[in-house]
There are 2 protein chains.
Amino acid sequence: MKKILVVEDNIDIHNIIEELLSKEGFIISSAYSGTEALLLLEKQKFDLILLDLMLPAMSGEEIIKKVNHIPIIVLSAKCSSDDKVNCLLSGANDYITKPFDGKELLARIEVQLRQKYKSDSMEPLKYKELELLLDNHTLLVHNQKVNLTKTEYAIIKNLLLNRNQVMTKNKLLESISMDTEDCDENSLRVHISNLRKKIRDYTENEYIESIWGIGFKIKE
Amino acid sequence: MKKILVVEDNIDIHNIIEELLSKEGFIISSAYSGTEALLLLEKQKFDLILLDLMLPAMSGEEIIKKVNHIPIIVLSAKCSSDDKVNCLLSGANDYITKPFDGKELLARIEVQLRQKYKSDSMEPLKYKELELLLDNHTLLVHNQKVNLTKTEYAIIKNLLLNRNQVMTKNKLLESISMDTEDCDENSLRVHISNLRKKIRDYTENEYIESIWGIGFKIKE
DNA sequence: GAAATTGTTAAGAATTTGTTAAGATTTATT
DNA sequence: AATAAATCTTAACAAATTCTTAACAATTTC
């Protein structure tokens, strides 16, 4: 779920944009002035900014220069070539003139998010106190690093990825020893025991639930 | 010096674009049909593609779907919202309608190149005591030059570029021996051992961490 | 309460990693 | 073209880590 900051002082336009984006499942934050936008940017992380240029208190151009690492799409009534060039060269990623077409706006948002996340690292898998950093092969409990072996990592990754399902013993074994037919239930039990013990070092809560006769799952 | 492929069948427009871009110092390759474009793409590497949609032999839309990893700006007379959305969603990064403004085109090209190359800029890669001078192929530890072989340099560059990720052994091997299938884990281990020893000559700290069963990463 | 399943523990087997040195290969130099 | 220098690969062994095995305890189901 991507978070988008909409910076636009005209309430009618603001509402139109908000409705359009909400329908697509984006999470919207609203700013009605430049200074408000900066305040929000300090507090939270956004995946994209939709920015009007003519704002009270602080112009869109100034915001562009202050923002780094977040893609910006300018949405402006100013349609002169100079305005566009100026914004694009000083850091904006796209420039759309009003009145705009909803579908086109959505497509251009898609382009920016696509660009950002193809290079970016994978999103971590979070569940309550657990956080699995996929590109780091690291499990955090309460933001503390837990040292896992390759197999333990594979197990917790599988459970977290299928959080609402029961993972049968066989499925877990498959995912652990991809090719080898060493599949041994006893061994799996030991791994899960060790994994539980390691997690228990950092929290009181039990996260791995045994489903008698079937397998394991993440406790709800 | 960036290389741009211009795909446009109208010779007048083609010449205008070519002149505009040449003045800016870009290196231009010209294709006057879709099939010609594909042939050129197989032969050389480009940094950007300027693409007309209505082409002989193969449409621009088809090319968009075949191209990966190279930013595409569509330059088209088709100005319907559906055309834009279609292209953007199937892989184009920007869409400019004809007639276009030269300065705006240049600015939008700038945006695409900026995005692509912001990651591998020539800025030195710094991390604690380490500093990798990319344009110099030099590693400094405590501002002292460390003599690295080509392979050792490739390894430390990869690790530093992906500082927060674990680099799997395979990924490292790929980046070392781009084409050759000599991929040998044993060899990689020796290189890393040598690299560690060289760094150890200049500092007490260990920088390369082994992730058992997975690969290596820069120690936090 | 008996049978089946799951949990824990510890030892040694197996795997992976680190280091070294010798031989092969590539690159530079005369 | 031949030699020297540097780099890379291979192989062997030591060290570290992880995995499996097996025995026994605890728990659940019927």
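Could you quote the convex hull projected area for region A:125-218, Cα atoms only and averaged over all directions, in nm²? Spell out each step's value before the answer.
Working: hull surface 23.0 nm².
The Cα convex hull of region A:125-218, projected and averaged over all directions, gives 5.7 nm².
Send over the semi-axes of region B:3-117's equivalent ellipsoid, whole angstrom and largest first, taken as the square roots of 5 times the C-alpha gyration tensor eigenvalues. It would help to have the intermediate numbers written out before the result.
Details: eigenvalues 62, 53, 45 Å².
Semi-axis lengths for region B:3-117 are 18, 16, 15 Å.
If contacts are Cα pairs under 8 angstrom and at least 6 residues apart, what is the relative contact order of chain A in percent? List each step's numbers first, then the result.
On the way: 302 pairs, mean separation 25.5, N = 220.
It comes to 12 percent, rounded to a whole number.
Let's see if you can work this out: charge +1 on each Lys and Arg Cβ, -1 on each Asp and Glu Cβ, no other charges. What is the dipole magnitude of region B:1-157 about its Cα centre, in debye to the nearest 20?
Numbers: 20 positive and 24 negative charges, 137 e Å.
For region B:1-157, the charge dipole is close to 660 debye.
Could you size up the charge dipole of the protein assembly as shown around its Cα centre, putting +1 on the beta carbon of Lys and Arg and -1 on that of Asp and Glu, and report it in debye to the nearest 20? Let's see the in-between values first.
Numbers: 60 positive and 70 negative charges, 294 e Å.
About 1420 debye.
Beyond 20 Å between alpha-carbons counts as too far, so tell me which of A:K145/B:K169; B:K2/B:K103; A:K2/A:K150 fall in that bin.
A:K145/B:K169; A:K2/A:K150
Calculate, for A:D82 and B:D12, the FRET efficiency according to 1/(1 + (r/R0)^6) with r their C-beta to C-beta distance and R0 25 Å; round to the nearest 0.05. Intermediate values should be presented prior to the final figure.
Details: r = 26 Å, r/R0 = 1.02.
The formula returns an efficiency of 0.45 here.
Roughly speaking, what is the centre-to-centre gap between region A:53-125 and region B:1-72 when only Cα atoms are used, to the nearest Å?
Between the Cα centres of region A:53-125 and region B:1-72 lies a distance of 25 Å.
How big is the dipole moment of region B:70-220 about its Cα centre under a simple scheme where the beta carbon of each Lys and Arg is +1, that of each Asp and Glu is -1, and everything else is neutral? Debye, nearest 20, please. List each step's numbers first, then the result.
Working: 23 positive and 23 negative charges, 54 e Å.
Dipole about the Cα centre, nearest 20: 260 debye.
How big is the shadow of the Cα convex hull of the protein assembly as shown, averaged over all directions, in nm²?
Values: hull surface 105.6 nm².
Over all viewing directions, the protein assembly as shown projects a mean Cα-hull area of 26.4 nm².
Which of the GluC sites (Glu not before Pro) found in region B:20-49 are loop residues per DSSP with 16 or fewer other Cβ atoms within 10 Å of their Cβ?
Details: sites: B:E24, B:E36, B:E42; in loops: B:E24.
When the GluC sites (Glu not before Pro) of region B:20-49 are filtered for loop state and at most 16 Cβ neighbours within 10 Å, B:E24 remain.
How many nm separate the modelled label positions at A:K66 and A:E174, each set 7 Å beyond the Cα in the direction of the Cβ?
5.3
Could you list the square roots of 5 times each eigenvalue of the Cα gyration tensor of region B:1-68, that is, the equivalent ellipsoid semi-axes, sorted largest first and rounded to whole Å?
Values: eigenvalues 69, 43, 15 Å².
The answer is 19, 15, 9 Å, longest axis first.
What gaps in nm, shortest first, separate B:N164 from its twins in the other copies when you place the label 7 Å past Cα toward the beta carbon?
In ascending order, 2.9 nm.
Using the charge dipole of region A:125-218 (Lys, Arg: +1 at Cβ; Asp, Glu: -1 at Cβ; taken about the Cα centre), state which of A:N164, A:S175, A:F216 has its Cα farthest towards the positive end.
A:N164
Between copies, how far does the label point of B:M54 sit from its twins, in nm, shortest first, when each point is 7 Å from Cα along Cα→Cβ?
Label-point separations across copies, in nm and ascending: 3.6.
Loop-only check: which trypsin sites (Lys or Arg not before Pro) in region B:30-124 are DSSP coil with at most 11 other Cβ within 10 angstrom?
Numbers: sites: B:K43, B:K45, B:K65, B:K66, B:K78, B:K84, B:K103, B:R108, B:R114, B:K116, B:K118; in loops: B:K45, B:K78, B:K118.
Those satisfying the criteria are B:K45, B:K118.
Could you pull the copy-to-copy label distances for B:S187, with points set 7 Å along Cα to Cβ, in nm to one decimal and sorted shortest first?
3.1
Over all directions, what mean area does the Cα convex hull of chain A project, stated in square nanometres?
Details: hull surface 61.2 nm².
About 15.3 nm², averaged over all directions.
Place +1 on the Cβ of every Lys and Arg and -1 on the Cβ of every Asp and Glu in region A:55-128, take the dipole about the Cα centre, and give the residue among A:C79, A:L55, A:M122 whose Cα lies farthest towards its positive end.
A:M122
Taking 7 Å along the Cα-to-C-beta vector as the label spot, tell me the A:E206-A:S33 distance in nanometres, rounded to one decimal.
Calculated label separation equals 5.5 nm.
Any read-out appearing in this document is the output of simple, stated calculations on the displayed coordinates, not a laboratory observation. For clarity, every value in this text was computed on a predicted model and none was experimentally measured. Every residue, glycine as well, gets a Cβ built from its backbone with ideal geometry; the counts of neighbours run over all protein chains shown.
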